[in-house]
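To start, the structure under review is shown below, and the notes come after it.
Coordinate-derived values only; no laboratory data. In this text the structure is predicted, and so the values were computed from the model without any measurement. Neighbour counts run over all protein chains shown; Cβ positions are idealised from the backbone, glycine included.
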């Protein structure tokens with residue numbers, strides 16, 4: 001499973017800079033969301049994304065993003081347990 005926001009951006013051939021311009025945010029925010037560690041309120045990022053791509057798609061990607069983050073966290077926990 002991969003990051004749905006990064007997939008959406010890459011499928012459209014957008015750079016992180018272009019995505020940031022499109023959403024009215026900084027490149028660092030796009031990078032943070034794509035790494036799974038948003039450094040600003042994730043809600044604001046999703047709201048800007050919904051304004052651009054539509055609420056239905058934003059809701060879908062948020063659900064996929066939550067599953068992606070949970071998978072990433074589970075992998076880290078498994079690694080710790082195997083220690």
Near pairs, Cβ below 7 angstrom, 6+ apart or cross-chain, from the range 60-83 (at negative phi and touching a residue at least 12 places away in the same chain (Cβ under 8 Å)) to any residue that is assigned to a helix (DSSP H, G or I) and surrounded by 10 or more Cβ atoms within 10 Å (Cβ to Cβ)
61/4; 61/5; 61/8; 62/46; 64/4; 65/4; 65/5; 68/4
Taking the range 46-56 and the residues there that are in contact with a helix residue (DSSP H, G or I) (Cβ under 8 Å, 6 or more places away or on another chain) and either touching a residue at least 60 places away in the same chain (Cβ under 8 Å) or under 21 Å from residue 1 (Cα atoms) (or both), the one that is surrounded by the most Cβ atoms within 10 Å (Cβ to Cβ) would be 49
Condition first: in contact (Cβ under 8 Å) with a residue 24 or more places away in the chain, surrounded by fewer than 18 Cβ atoms within 10 Å (Cβ to Cβ) and in a helix (DSSP H, G or I). Now tell me which residues in the range 9-28 satisfy that.
22
Condition test on residue 36, is it surrounded by 10 or more Cβ atoms within 10 Å (Cβ to Cβ), at positive phi and touching a residue at least 12 places away in the same chain (Cβ under 8 Å)?
yes
For the list (1) assigned to a loop (DSSP other than H, G, I, E, B); (2) loosely packed, with under 14 Cβ neighbours inside 10 Å; (3) in contact with a helix residue (DSSP H, G or I) (Cβ under 9 Å, 6 or more places away or on another chain), I need the number of the one condition that residue 59 fails.
(1)
